[in-house]
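Here's the structure, in structure tokens; my notes come after.
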């Protein structure tokens, strides 16, 4: 499948805005939801510009015979686990980050998740944009926006049906950074109990980059 960013990104934010207005009780009026959507547009736009700049810089460096750009790129990702009352969710999260400096990194990732409970099974796939901050040695702060496609099958009381939808999440994280490995917790500020694939908005994480 090929993505047309010119059409897919505006469509994504249109759907995201409608989601905030109709489904998130956290936001009390349309103005707050629309303000957040505009803010997320700016973040993604800046992220795209940064990644485009990194790509162009890499090509220029490659032509000059330099590997400086790729020396600052690390690959890895993390594992996600969420367990609740009769609920299980496991995630494989490959990603890559660019170390802008010793204190800040930016990157993109993929999400492949399987979740199940007493009456449903779910397969999830999608992507994310992550910002990582290291204000001091050993401390890592993160902000990650994630957009997931959810394919869920229900089977309860002899009735079976399926549903497919997009689900946005915004994680704020706190972790202990050892260099290549970070262990911590993150919280989804857009958590929706009915639609989320996670059993709770607060969950542990492990990130590994080399």
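Any read-out appearing in this document is the output of simple, stated calculations on the displayed coordinates, not a laboratory observation. Note that the structure is predicted; figures quoted are calculated from it, not measured. Cβ: placed from backbone, ideal geometry, glycine included. Neighbour counts: every protein chain shown.
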query: Any idea which of 133, 112 is touching a residue at least 24 places away in the same chain (Cβ under 8 Å) and assigned to a strand (DSSP E or B)?
result: 133
query: Looking at 173, 107, which one is touching a strand residue (DSSP E or B) at 6+ places or on another chain (Cβ under 9 Å), within 20 Å of residue 81 (Cβ to Cβ) and in a strand (DSSP E or B)?
result: 173
message: So, in the range 121-138, exactly how many residues are within 20 Å of residue 84 (Cβ to Cβ) and surrounded by 17 or more Cβ atoms within 10 Å (Cβ to Cβ)?
response: 2
